Amino acid sequence: MTAAARAPIGPMLVRQTWTEFLKLWRVPAFSATSLALPVMFYAFIGVGQASQPLTRGSHITFGAYFLASMAVYAVANVMIFSFGISVATERGMKMDLLMRATPLPPQVYLLSRCITAIVFAALTLVVLFPFAYVAGGVRLDLSEWFTLTYRVLLGSIPFIALGFAIGYLSGPNSAVAVVNLIYLPTAFASGLFFPRGLLPDIIKLISPYLPLYRFGQLGWDAIGAPTSDNVATDWLYLAAYGVAFFAIAVWAFRREEGRKFS
Amino acid sequence: MTPAAQLIDATKKYGAVEALKGVTLNIELGEVVAMLGPNGAGKTTSISLLLGLRKPSSGRALLFGLDPNNLTARSRVGVMLQESGIPAMLKVREIVDLFRSYYPKPLPGDRAIAMAGLEEKDGALVKELSGGQRQRLYFALAICGDPEVLFLDEPTVGMDVEGRRSFIERIADFAHMGRTVVLTTHYLEEADQLAKRVVVIDRGVVIADASPEEIKSKVAGKRVRFSAPALTENDLEGLPITGATTTNNTVQLLTNEPEAVLRELFRRGLEISELEVAGADLEDAFIALTSRGEAR
């Protein structure tokens, strides 16, 4: 067999990634909401009290604190929605069947989706950061902007696995409901919309064990706000959740393979 | 030479249902093969095994002598499946270019789109396409990798007569490039027009594997059709026929000796009108073959 028996991986990955991006971009229910919602929440909740100190005498403003919250919210939102809902929809359309019959390596497909999701997540920050800078008057050191950016992008990886698991475990019609039922309440319980101090006591007991809370801590710490644990602990929690979500996703994927392709 | 696609005593069970009961099939490079059979006969299952979309319960499925899941084997194959979706928000050209990137030596995008007759829909979104146009897009995706073997599972399903005719011509054009085509269909004239070889599958078993002409001759050479309002069952007793159907007042007989049949009918004094004698087509042969299976 000659070297040209298979198509080169590089151009395939570029083309697949670009197509995945177009697919998401042209669905306003996804692209508009994932870009606009965090900014809207920031406008409603963050802007009004942006210049207030986070706690009495603190040099950290509420505007900066809430920017970190919304950055975490926006990025995790992209991961869960772009994987959870679009995977479930495509399964419903039996698109996986046609893809399966092509020589596209499954790894290339998976990687292209991950890259697309991370690019989309970065885009939400490109919209959110300037908005917070202008409307919320948020001023951070260059190193703080940088730390916040890389932490929310890196910390979003476990949520890719979570989205993937949801995409394989729920049907095309139920995926949206499942995602909203899981994501919105945990975002509240993790203190992404209101500081954790304002939450009911029972929720306060649960929240340290929520992955979004740990993700939030990484964001708040990045802009200098006090957090309840050190950053290494938060990363460890997230890594453990990542492994667990990944295991569930692989199990769900295998279950589907056994059902459809054996 | 290694066959392009092979099933070797392949069986397939879905739970308690036995969809294939030991099918052996060799498809050589350059052949145009139609797999014919009623719904649920096992045609789609056969194709699924050959493409690695399903695993045989026993026996083997091979593509160019390799496991059908081997990506090198798949790089030589193009596929059009029944009821598979494509993203609604992509343009025709975008998705064709995507699929072209999967194959080592794809056709130029313009060529693939032209061969599918979608030149004017080049920049249209998938969701703007009609049903027939969508089928043609699937065809473009199947051929854009310039495959040696093209698998088409019920390619013209849901098309109108004109759409089907022109679609069959497109498939024939591709076959004329010396490519192997394997198609499943239950439109019998398609098999007759396209294929040099017809494999008839019924209830998971191959019941015939021959040229369309041979299949027709195996069963009945001629079809005798007439209208006879006064016909009773006794009138057909003892006639040299291989099949008979009656709808309303129209009687249709399949036979290799039409003259003897008619002579006997006239001798019995049966009143008939609108007499018509014609060569049996594949559809008649097919009905005879599968109903013979019923008696088995």
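Which residue, of B:Glu237, B:Glu189, is closer than 30 Å to B:Ile171 by Cβ and surrounded by fewer than 17 Cβ atoms within 10 Å (Cβ to Cβ)? Quick ask: steps written out before the conclusion?
Working: B:Glu237 fails: closer than 30 Å to B:Ile171 by Cβ.
Only one candidate passes the filter, namely B:Glu189.
Among the residues of region A:25-46, how many are at pLDDT 90 or above and part of a helix (DSSP H, G or I)?
Count: 13.
Counting only residues that are buried (at least 18 other Cβ atoms within 10 Å of the Cβ) and not in a helix (DSSP H, G or I), how many does region A:107-157 have?
5
Filter region A:91-106 down to the residues that are without any contact (Cβ under 8 Å) to a residue 60 or more places away in the chain and assigned to a helix (DSSP H, G or I) and list them by number. Give the derivation first.
Filtering region A:91-106 for residues without any contact (Cβ under 8 Å) to a residue 60 or more places away in the chain gives A:94-95, A:98-99, A:101-102, A:106.
A:Met95, A:Leu98, A:Met99, A:Pro106, listed by residue number.
Of the numbered conditions (1) more than 15 Å from the chain's Cα centre (by Cα); (2) more than 14 Å from chain A (Cβ to nearest Cβ), B:Glu128 fails exactly one; give the number of that condition.
(2)
Looking at region A:176-226, which of the residues that are among the hydroxyl-bearing types (Ser, Thr, Tyr) and crowded, with 19+ Cβ neighbours inside 10 Å is farthest from A:Gly84 (Cα to Cα)?
Within region A:176-226, the subset among the hydroxyl-bearing types (Ser, Thr, Tyr) is A:183, A:186, A:190, A:207, A:209, A:213.
Remaining after also requiring crowded, with 19+ Cβ neighbours inside 10 Å: A:183, A:190, A:207, A:213.
Details: A:Tyr183: 11, A:Ser190: 20, A:Ser207: 23, A:Tyr213: 20 Å.
Applying the filter and picking the extreme gives A:Ser207.
Which condition breaks for A:Val231 when tested against (1) more than 21 Å from A:Arg56 (Cα to Cα); (2) surrounded by 16 or more Cβ atoms within 10 Å (Cβ to Cβ); (3) touching a Lys or Arg at 6+ places or on another chain (Cβ under 9 Å)?
(2)
Any residue at all in region B:53-72 that is out of contact with any Pro (no Cβ under 7 Å at 6 or more places or on another chain), more than 9 Å from chain A (Cβ to nearest Cβ) and under 25 Å from A:Leu22 (Cα atoms)?
no
Suppose the filter is surrounded by fewer than 23 Cβ atoms within 10 Å (Cβ to Cβ) and closer than 26 Å to B:Glu162 by Cα; does B:Ser84 pass it?
The answer is yes for B:Ser84.
Among the listed residues B:Gly221, B:Gly158, B:Gly204, B:Gly163, identify the single one that is out of contact with any Pro (no Cβ under 6 Å at 6 or more places or on another chain), modelled with pLDDT of 90 or more and more than 14 Å from chain A (Cβ to nearest Cβ).
On the way: B:Gly221 fails: modelled with pLDDT of 90 or more; B:Gly158 fails: modelled with pLDDT of 90 or more; B:Gly163 fails: modelled with pLDDT of 90 or more.
Exactly one of B:Gly221, B:Gly158, B:Gly204, B:Gly163 is out of contact with any Pro (no Cβ under 6 Å at 6 or more places or on another chain), modelled with pLDDT of 90 or more and more than 14 Å from chain A (Cβ to nearest Cβ), namely B:Gly204.
One line per residue, one yes/no per condition, for (1) touching a residue at least 12 places away in the same chain (Cβ under 8 Å); (2) over 14 Å from the mean Cα position of the chain (by Cα); (3) not in a helix (DSSP H, G or I):
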residue	(1), (2), (3)
A:Phe159	yes, no, no
A:Ala177	no, yes, no
A:Ile182	yes, no, no
A:Pro208	yes, yes, no
A:Leu212	yes, no, no
A:Thr227	no, yes, yes
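Might you let me know whether region A:71-82 holds any residue that is within 14 Å of chain B (Cβ to nearest Cβ), part of a helix (DSSP H, G or I) and buried (at least 24 other Cβ atoms within 10 Å of the Cβ)?
Here is the first cut: in region A:71-82, the ones within 14 Å of chain B (Cβ to nearest Cβ) are A:82.
Add one more test, that the residue is part of a helix (DSSP H, G or I), and what stays is A:82.
Keeping just the survivors that are buried (at least 24 other Cβ atoms within 10 Å of the Cβ) gives A:82.
Looking through region A:71-82, at least one residue is within 14 Å of chain B (Cβ to nearest Cβ), part of a helix (DSSP H, G or I) and buried (at least 24 other Cβ atoms within 10 Å of the Cβ).
Test of understanding: among B:Glu214, B:Glu189, which residue is in contact (Cβ under 8 Å) with a residue 60 or more places away in the chain and either within 24 Å of B:Gly40 (Cβ to Cβ) or under 23 Å from the mean Cα position of the chain (by Cα) (or both)? Write out each step before concluding.
Details: B:Glu214 fails: in contact (Cβ under 8 Å) with a residue 60 or more places away in the chain.
Within the list B:Glu214, B:Glu189, the selection yields B:Glu189.
List the residue pairs whose Cβ atoms are under 7 Å apart, where the first residue sits in region A:249-262 and is away from every other protein chain (no Cβ under 14 Å), the second is of a type in the set (Phe, Trp, Tyr) and not in a helix (DSSP H, G or I), and the two are 6 or more positions apart or on different chains.
none
Filter region B:174-186 down to the residues that are within 13 Å of B:Gly30 (Cα to Cα) and either small (Gly, Ala, Ser) or in contact (Cβ under 8 Å) with a residue 24 or more places away in the chain (or both) and list them by number. Quick ask: steps written out before the conclusion?
We begin by selecting, within region B:174-186, every residue within 13 Å of B:Gly30 (Cα to Cα); these are B:174-182.
Result: B:Phe174, B:Ala175, B:Gly178, B:Arg179, B:Thr180, B:Val181, B:Val182.
For region B:147-168, does any single residue satisfy the condition of being in a helix (DSSP H, G or I), buried (at least 17 other Cβ atoms within 10 Å of the Cβ) and touching a residue at least 40 places away in the same chain (Cβ under 8 Å)?
no
Restricting to region B:79-93, and then to whatever is more than 7 Å from chain A (Cβ to nearest Cβ) and assigned to a loop (DSSP other than H, G, I, E, B), can you tell me which residue is farthest from B:Ala142 (Cα to Cα)?
Step one: filter region B:79-93 for residues more than 7 Å from chain A (Cβ to nearest Cβ), giving B:80, B:82, B:88, B:91-93.
With assigned to a loop (DSSP other than H, G, I, E, B) added as a condition, the list becomes B:82, B:88.
Working: B:Gln82: 12, B:Ala88: 18 Å.
Going through the qualifying residues, I end up with B:Ala88.
I'd like the residue in region B:96-106 that is surrounded by 22 or more Cβ atoms within 10 Å (Cβ to Cβ) and assigned to a helix (DSSP H, G or I) and, out of all such residues, is farthest from the other protein chains (Cβ to nearest Cβ).
Checking each candidate, the answer is B:Val96.
The values are calculated or read from the model by the stated rules, or taken from the named source; none is laboratory data. It should be emphasised that the depicted structure is a prediction, and the values quoted were computed from it without experimental measurement. Reconstructed Cβ throughout: ideal geometry from the backbone, glycine too, with neighbour counts over all protein chains shown.
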